[in-house]
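The values are calculated or read from the model by the stated rules, or taken from the named source; none is laboratory data. Predicted, not measured: the structure shown is a model, and the values here were computed from it. Glycine also receives a Cβ, built like all others from the backbone with ideal geometry; neighbour counts cover every protein chain displayed.
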Amino acid sequence: MKQQKIAIAIHGGAGTIEKSLLSPALEISYKTNLQKAAETGYAILQKGGSATDAVAAAVVFLENCPLFNAGKGAVFNHIGKHEMDAAIMEGKNLMAGAVSGIKNIKNPVMLAKTIMQESQHVMMAGDGAEVYAKQMGCEFQADDYFFTEHRFQQWQAIKDSDNYQLDHTAAPQNKMGTVGAVALDENGNIAAATSTGGMTNKKYGRVGDSPIIGAGTYANNQTCAISCTGHGELFIRSVVAYDISCLMAYKKMTLQQACNEVVMKKLVDIKGEGGLVAIDAQGNIQMPFNSEGMYRASINTNNELLVEIY
């Protein structure tokens, strides 16, 4: 039975985002693109589209925007390449698709979606995932498409060291960049999607939490849909997305209570910095973060738009 409630929430990364570090023009640019991404997904929901299609479209918009560390704006790894991860999950039937360590694919989230809908697998990685992407007609781009001067300079500053860094910050150790979306459609189904370029100067095929179902991405109609951004290693160890779902399922916490428990207590206890966007099947939205800022936007069940950074 159809309900008329629809809602969406998106993020563009968390970290030490200080007002003093963003020029007024850059702040406007971030907010404008966050709003457009949310509206892109919301427009699909308004037309009766699925939560899955809505989160994919919102994430594609952010992947195509060089401001964010995903797709076109992906950071450089240790050898100067762009290695990307993504995942998508449907709350209705727990179907999921994920990719890790892929190169030259314009929209990693669409490959994740194709894996979910067309293959017998959940997760594909590296060369094999790229072979599958070619077979399925996914769009590829040359290396220069992913080149942005800002990301190149970030990499140049640390490429000769063993350091790596997350995203969105002046302090090198506190940068986190990932994009993601969660949505509720008129049929009462929820979904989540996440995409990232990982860490600047990352080595050895490092994989973060974004493509790992239950860590950085999760959706279950009975509880919630979650897309995370932050220090991936600690989000993996904490199984953040699934933990929130479990607290709702087994401890009967509300979405707000569960998000608060995990983001503001459990993660803080192990110095896990970051945040997430979350939605439940009633359309309640939470966008908690324990870092100084998180690029985020939402359109709630009352059609009210919110766009915030700090």
Check your understanding: So how many residues does the range 201-243 have that are out of contact with any Cys (no Cβ under 8 Å at 6 or more places or on another chain) and part of a helix (DSSP H, G or I)?
Key -> 7
Review point. Name the pairs: first residue in the range 254-281 and in contact (Cβ under 8 Å) with a residue 40 or more places away in the chain, second residue among the basic types (K, R) and crowded, with 24+ Cβ neighbours inside 10 Å, Cβ to Cβ under 9 Å, at least 6 apart or on different chains?
Key: G275/R296; V277/R296
Review point. Among (1) assigned to a helix (DSSP H, G or I); (2) under 25 Å from F152 (Cα atoms); (3) in contact with a Gly (Cβ under 6 Å, 6 or more places away or on another chain), which single condition is A54 missing?
Key: (2)
Exercise for review: Please determine, by comparing only the residues of the range 1-25 that are more than 29 Å from A56 (Cβ to Cβ) and surrounded by 11 or more Cβ atoms within 10 Å (Cβ to Cβ), which one is modelled with the lowest pLDDT.
Suggested key: T16
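Matching residues to (1) modelled with pLDDT under 95; (2) in contact with a Phe, Trp or Tyr (Cβ under 8 Å, 6 or more places away or on another chain); (3) surrounded by fewer than 24 Cβ atoms within 10 Å (Cβ to Cβ):
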{"site": "S210", "(1), (2), (3)": "no, no, no"}
{"site": "G214", "(1), (2), (3)": "no, yes, yes"}
{"site": "Y250", "(1), (2), (3)": "no, no, yes"}
{"site": "I270", "(1), (2), (3)": "no, no, yes"}
{"site": "A281", "(1), (2), (3)": "no, no, yes"}
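What about P172, is it modelled with pLDDT under 95 and surrounded by 13 or more Cβ atoms within 10 Å (Cβ to Cβ)?
Values: modelled with pLDDT under 95: yes; surrounded by 13 or more Cβ atoms within 10 Å (Cβ to Cβ): yes.
Judged against the criteria, P172 is a match.
Where residues in the range 122-131 are in contact (Cβ under 8 Å) with a residue 24 or more places away in the chain and of a type outside the set (D, E, K, R), which of them is surrounded by the fewest Cβ atoms within 10 Å (Cβ to Cβ)?
Looking at the filtered set, the residue picked out is G126.
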Study note, to complete from the structure: When the range 173-200 is checked residue by residue, the ones that are under 10 Å from the mean Cα position of the chain (by Cα) and assigned to a strand (DSSP E or B) are V179, G180, A181, V182, A192, A193, T194, S195, T196
Point to revise | Search result, residues across the range 1-26 that are farther than 24 Å from S50 by Cα and not in a strand (DSSP E or B) | key: T16, I17, E18, K19, S20, L21, L22, S23, P24, A25, L26
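Just checking, which of L62, L67, L45 is among the aliphatic types (A, V, I, L, M), touching a helix residue (DSSP H, G or I) at 6+ places or on another chain (Cβ under 7 Å) and outside any helix (DSSP H, G or I)? Quick ask: steps written out before the conclusion?
Working: L62 fails: outside any helix (DSSP H, G or I); L45 fails: outside any helix (DSSP H, G or I).
Residue meeting the stated conditions: L67.
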